[in-house]
Amino acid sequence: MPIVVIPPPYRGPTQGLERIEVGGRTVRECIDAVDARHPGFGPQVLDARGEVHRFVKLFRNGDQLAGDVLATPIAESDQIEVIAAIAGG
């Protein structure tokens, strides 16, 4: 099953879990599966329109995803990493 890796700032809803195995064939299905088990996780990653938040980056097996990120196909052995980008100035 795919694994979603949760960054420390987003582990509140997951009760501190760093890695969560989920069922899903796309990035969106995997994020939704984490949110179904740990309500409150989804809104940290997705905005009100259901798109990836501006300061969130998603990676599959170490490679940053681009384009229609949420529709990216996911294989059983894939790892999705959620990276919380830090804004500042």
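Worth pointing out:
- Against the conditions (1) open to solvent by less than 40 Å² (accessible area, probe 1.4 Å); (2) over 15 Å from Ile6 (Cα atoms); (3) modelled with pLDDT of 95 or more, His38 satisfies every one except (2).
- Pair list, Cβ under 9 Å, 6 or more apart: the stretch 18-30 residue hydroxyl-bearing (Ser, Thr, Tyr), other residue part of a strand (DSSP E or B): Thr26/Pro73
- Residue that is most open to solvent (accessible area, probe 1.4 Å), among those in the stretch 41-68 that are at positive phi and among the small types (Gly, Ala, Ser): Gly67
- Breaking point among (1) open to solvent by 80 Å² or more (accessible area, probe 1.4 Å); (2) touching a strand residue (DSSP E or B) at 6+ places or on another chain (Cβ under 6 Å), for Gln15: (2)
- Taking the numbered list (1) in contact with a Leu (Cβ under 6 Å, 6 or more places away or on another chain); (2) open to solvent by less than 30 Å² (accessible area, probe 1.4 Å) in turn, Arg28 passes all entries but (2).
- Residue within the stretch 49-60 that is in a loop (DSSP other than H, G, I, E, B) and either of a type in the set (A, V, I, L, M, F, W, C) or in contact with a strand residue (DSSP E or B) (Cβ under 9 Å, 6 or more places away or on another chain) (or both) present: yes
The values are calculated or read from the model by the stated rules, or taken from the named source; none is laboratory data. It should be emphasised that the depicted structure is a prediction, and the values quoted were computed from it without experimental measurement. Virtual Cβ from ideal backbone geometry, glycine too; neighbours counted across all protein chains shown. Please note that ligands, DNA and RNA were not included when accessible areas were found on the heavy atoms of the full protein model with its side chains. Shrake-Rupley method; radii C 1.70, N 1.55, O 1.52, S 1.80 Å.
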